[in-house]
Amino acid sequence: MREDVVYARQSVEKKDSLSLSGQIDLCCRTAGVERLKVYRDSGYSGKNTERPAFQQLLRDIKADRVGTLYVYRLDRFSRSVADFGQLWEILQAHGVEFVSVSENFDTKTPMGRAMLHIIMVFAQLERETTAERVRDNYYRRAALGLWPGGPAPYGYQIGRRIDEAGHAVPTLVPDENAETVLRIFRAYAAEDMSLGRLARSLSEEGVPGIKRSTWDNVTLSRLLHNPAYVMADEQVRLYLLSKRVQVTSQAGAFDGVHGVLLVGKRSADDRRHTEPCHHSAFILNSVGLVPPALWLRCQEKLDRNRQVGNSGKGTHTWLSGLLKCAKCGYSIKVSTAKGRRYLGCSGRHNMARCDASIRVDLTELETAAQQGIEKLLQECPAENGEPAGDEYAEKLAQIDRRVDRLVDAFAESDMPENYLKRALSRLEKERQLLHQRRRRQQSRPVMPDRLIFSELCFEEKKAVAAQLIERIEVAEASAHIRWAV
């Protein structure tokens, strides 16, 4: 059952500040009741989001126990516009109204909602400005050859060195794992060595991995691809250019001593690195660990692996990618022999970390998953989740009407003109987003009114399963399907 609540906060007692009891009293009077459930934090700054009562309030909001949240002033709840933007998304997702007593800010009213949109515009502006400032500083430090930030690569630690101007600047310093890095490159360069075999060998020897006790193919591949380890010379520069990497450092900087920082963008859809042509290479002020000929030999071998690709990945079941070992959490692989399909834990076979022996029948598991999916599809409405093209036109028209109403409202008020510009900017972003979704919708194939899962092709089944199933935890003799809906 939902109830109206008060949140009150006071960092320190001051003569000119309203006490916690005063904040609570004003909120109750605004709500028209004598008493409300209270969450109070005393002695905590608004910048600290780990306030105990604040965190309990968020848990109750997410549990749908809160109807309306009252605060004396917005800065009692959040001191950052960007933080409030994120908090409002939580409130909105759980149907919670927000009332700031002293600022007459009430999301139940049109003016309150208009003020909220203005705050959200400022929140977006603050996030974009911060991101741009961080990105510019990152590239500036990279161009100077400095380690730009973040954890050091395995085999290095972040240290300091004195530059030509006598300033202490960050650099990468080899640590106790540097010899392991060189050993990995030498071992992988052997013709008969694979990533899986090398991972098993390191794990069996008890060599600690990166952020975990064991090694796996992905971790090794990332390490071997990293040019920070190479003592970059002219051949390395030519290799990077052949990959269409944007090499920003001068040719003379590739002196066969220093490593390379590769800065790449990530795709907004899957958060994976994009193609090499979207990467930039900068010579670092730190020394490399791996001779250039050895590093290039490993890159050629990795390139061959990429050319082979994953053509066989996920061909044995449409549940591929969803199967996880209930014991260790690693992926479950599907193999075939004599016409039968077998499940095996990659944590056991690739890294010798798990001792689970999977005896689950994959056909039975697919049947159970299909029955669950078909039940969900029957419960889903027939219409597509995205609006059709004509509906997009109506939504765009609604934005135009909102713009007109906003302009009229501001014309009759004494609010600063800058507020209007920000609010209109947000609406324009909504308009652009709708146009993007409309184009994506128009480029999609026409879907039937009702999906019949059994009639879908293999790839279509995989796509539907990936949308409806979060993961399938496979134990030795049982399996549990965790649905995403």
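Just the residues that are open to solvent by less than 60 Å² (accessible area, probe 1.4 Å), charged (D, E, K, R) and farther than 14 Å from Ser194 by Cα, please, taken from segment 207-240.
Within segment 207-240, Asp233, Arg237 meet the criteria.
Report, ordered by the first and then the second residue, all pairs with beta carbons closer than 6 Å, sequence separation of six or more or different chains, a first member in segment 380-405 that is modelled with pLDDT under 60, and a second member that is of a type in the set (Asp, Glu).
The qualifying pairs are Ala382/Asp449.
Just a yes or no: is a residue in segment 213-230 within 23 Å of Thr171 (Cα to Cα), of a type in the set (Gly, Ala, Ser), touching a Leu at 6+ places or on another chain (Cβ under 9 Å) and modelled with pLDDT of 90 or more?
Yes; the residues of segment 213-230 include at least one that is within 23 Å of Thr171 (Cα to Cα), of a type in the set (Gly, Ala, Ser), touching a Leu at 6+ places or on another chain (Cβ under 9 Å) and modelled with pLDDT of 90 or more.
Out of the residues in segment 411-466 meeting the condition of being small (Gly, Ala, Ser), open to solvent by less than 70 Å² (accessible area, probe 1.4 Å) and in a helix (DSSP H, G or I), tell me which one is modelled with the highest pLDDT.
Ranking the candidates gives Ala465 first.
Could you tell me whether Gln10 is at pLDDT 90 or above, within 14 Å of Asp75 (Cα to Cα) and of a type in the set (S, T, N, Q)?
no
Mind checking whether some residue in segment 74-84 is closer than 19 Å to Gly112 by Cβ, aromatic (Phe, Trp, Tyr) and at pLDDT below 90?
Looking through segment 74-84, at least one residue is closer than 19 Å to Gly112 by Cβ, aromatic (Phe, Trp, Tyr) and at pLDDT below 90.
In segment 267-325, which residues are touching a strand residue (DSSP E or B) at 6+ places or on another chain (Cβ under 6 Å), closer than 30 Å to Phe453 by Cβ and either surrounded by fewer than 17 Cβ atoms within 10 Å (Cβ to Cβ) or modelled with pLDDT under 80 (or both)?
If the condition is that a residue be touching a strand residue (DSSP E or B) at 6+ places or on another chain (Cβ under 6 Å), closer than 30 Å to Phe453 by Cβ and either surrounded by fewer than 17 Cβ atoms within 10 Å (Cβ to Cβ) or modelled with pLDDT under 80 (or both), then His316 is the only one that fits.
Checking Gly166 against (1) open to solvent by less than 60 Å² (accessible area, probe 1.4 Å); (2) in contact (Cβ under 8 Å) with a residue 60 or more places away in the chain, only one condition comes out false. Which one?
(2)
From (1) outside any loop (DSSP other than H, G, I, E, B); (2) in contact with a helix residue (DSSP H, G or I) (Cβ under 9 Å, 6 or more places away or on another chain); (3) of a type outside the set (S, T, N, Q), pick out the condition that doesn't hold for Gly22.
(2)
The values are calculated or read from the model by the stated rules, or taken from the named source; none is laboratory data. All values derive from a computational prediction rather than experimental measurement. All Cβ positions, even for glycine, are placed from backbone atoms using ideal geometry, and neighbour counts span all protein chains on display. Please note that ligands, DNA and RNA were not included when accessible areas were found on the heavy atoms of the full protein model with its side chains. Shrake-Rupley method; radii C 1.70, N 1.55, O 1.52, S 1.80 Å.
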